[in-house]
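The values are calculated or read from the model by the stated rules, or taken from the named source; none is laboratory data. The structure displayed is predicted, hence computed values, not measured ones. FYI the Cβ positions are ideal-geometry reconstructions off the backbone, even for glycines, and counts take in every protein chain you see. For the accessible areas, the whole protein counts, side chains as well, though only heavy atoms, and no ligand, DNA or RNA atoms are used. Shrake-Rupley method; radii C 1.70, N 1.55, O 1.52, S 1.80 Å.
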Amino acid sequence: TLPLKRTIGREPTFPRRRVEVSSARMRLGIDLGTTRTLVAFHDRGNYPNVAFTTPDGDLVEHFPTISAEVGGRLVHGLEAESAERDGAPSLRSWKRLLANTRQDAAIQIGSVSVCPAELVTGFLSALRHELFTQSNIASLLREPLEVVVSVPANAHSTQRFVTLDAFRRSGFKVRAVINEPSAAGIEYAHRHANTLSSRREHVIVYDLGGGTFDAALVRIAGGHHDVALTAGISALGGDDFDHALLALALERSGKASPALPALLAECRNVKESIHANTKKIVVDLGAPDPVVIPIADYYERVRPLVETTLAALDPIVDALERDEVGGDLAGIYMVGGASGLPIVHRVVRERFGRRVHRSPHPAAATAIGCAILAANDQRAEPLGLSERLSRHFGVFREAERGQRSVFDPVFTKGTPMPTQGADPIVALRRYRAAHDIGHFRFVESAHVDARGDPTGDLTPHADVFFPFASQLDADALPVATVNRLTSEGPLVEERYEVDAAGVIAVTITNLDAGRASRFVL
């Protein structure tokens, strides 16, 4: 299956034998990763990864998150990886685009243009087909295919909705959507229960994946997981370590070359071969002589990336030190494929000492945690999970008769999310309309400054327009001009809802006219 050498992000090896599981319906945990998508399942108290057969007949324990254009259509996963090697136009790490691409924007792969939702749906449809036809559990799967899936902790509402909707459109029955570090916290409790006690109940999950860094402070007590705080960086992960190695190799070679997929693939493979005793690395750039780089030079180049993740952890660490959450720290749990790079563990250990634990299967920890939750009702002692919003959400409104805008924070960061199956959390706003058209500019942000304005990692949602004046047609909006009403306007209600997946929806109602529109953000 996998080479004997140690690799970054190595998943738990799966023996080449017939899989035997209980007669209960098999439920899967799926981690839609930036570079690799992993699927785990419950097998008699263990949670191994699903293995897939490649076009070359080999077994691999991941499904590559890559899409390619072949003959005017898109192929995905293992087929796309094979097509890329044959020179087909391809796109890797497209999950990053979900964080900062408008959902009506076009993504170009070769001659094919798709929107983000179509791309994710196509990829997941290919994954589902491969599960039923080319996986080592194909003969055991039954309809409906029930799954628990994960999203980055700092994913905004649109990204969560696109992910959830794509799974459903692809034929999966989604039992729950949870944050990636929350899933890793579940895997930690499964693997390191002996570190938890009535005094030490908190775990900091350090999740450095292929494209994102997520962190969460999880309180684990009595089988219940309560996510107290979250942090993260939406555009920092293993891909950046690959680019850093390529840049360093090009500098040493004296060549000026674009970041071609083949060169990045070479750097990724070299990076994943690094282990604790590595002294130098060799990068083949296609020149007569490969580039030899002392490992210390590469570590010096990427150390600032690791230190950036530690800076993102500061709010969580500060809250613990000020005893704002109650209880002591059981450990720092390092997961995510990129966390297997020795310099990452070294820098984190320099900061936190012996409390740092590394998952034995860092790339698979999230999928395993999802699988544990998927099989929750089969456990003797079912676990519970409570999550919180990881970002502020609000809307800009007109103030001082339109002279300036102010930010109305509808849901603040840290607001508890509803549990699976519970009613959504609701916030209401009611007012008399002052203009003939409502122009709503919804924003999510990592922080809010002292003046109450959103700052940091900002995500503006598509503008929403709603007619307040009865003579206006909703289908004709948006319009260029918003006019102030000359008489008392209608009574308007804004109803905001957050569901268990963290998806935000708003219903705007003209209560006087009985006219309403619902928008999923």
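Counting protein heavy atoms only, the chain has 48 percent of its accessible area on carbon and sulfur, 1.4 angstrom probe. For the peptides 498-505, 265-272, 86-93, the ranking by mean Cβ contacts within 10 Å, running from highest to lowest, is 498-505, 265-272, 86-93.
For the chain, DSSP calls about 80 percent of its internal beta bridges antiparallel. Solvent-free Debye calculation, one equal scatterer per alpha-carbon of the range 393-448: log10 I(q)/I(0) at 0.13, 0.23, 0.26 Å⁻¹ equals -0.45, -1.04, -1.18.
Under the combined filter of DSSP loop state and at most 10 neighbouring Cβ atoms within 10 Å, the range 371-441 retains these GluC sites (Glu not before Pro): Glu400.
When the charge dipole of the range 252-326 is built from unit charges on Cβ atoms (+1 for Lys and Arg, -1 for Asp and Glu) and taken about the Cα centre, the candidate among His275, Pro294, Leu320 whose Cα reaches farthest toward its positive end is Pro294.
Note on the range 70-163: Rg/Rh from Cα positions, Kirkwood definition for Rh, rounded to two decimals, is 0.99. The packing ranking, built from the mean of other Cβ atoms within 10 Å per residue, places the peptides 337-346, 427-436 in the order 337-346, 427-436, highest first. What does the helix-only formula give at 222 nm for the chain: each DSSP H stretch with n ≥ 4 adding -39500 (n - 2.57), the total divided by the residues, and the result rounded to the nearest 500 deg cm²/dmol? Result for the chain: -8000 deg cm²/dmol, rounded to the nearest 500.
Only one of (1) 1.03; (2) 1.22; (3) 0.99 was calculated from the structure for Rg/Rh (Cα atoms, Kirkwood Rh), and its label is (3). For Gly331, the amide hydrogen comes within under 5 Å of the amide hydrogens of Ile204, counting only partners 5 or more places away or on other chains and with H modelled in the peptide plane.
When the charge dipole of the chain is built from unit charges on Cβ atoms (+1 for Lys and Arg, -1 for Asp and Glu) and taken about the Cα centre, the candidate among Thr121, Ala501, Ser339 whose Cα reaches farthest toward its positive end is Ser339. Compactness of the range 153-231 was expressed as the Cα radius of gyration divided by 2.2 N^0.38 Å, which yields 1.24.
What the chain shows is 43 Å² of accessible area per residue, with the surface traced by a 1.4 Å probe over protein heavy atoms.
For the range 408-521, what does the equivalent ellipsoid look like in terms of its semi-axes, each the square root of 5 times an eigenvalue of the Cα gyration tensor, given largest first in whole Å? Could you put the intermediate results ahead of the total?
Details: eigenvalues 146, 62, 33 Å².
Over the Cα atoms of the range 408-521, the ellipsoid semi-axes are 27, 18, 13 Å.
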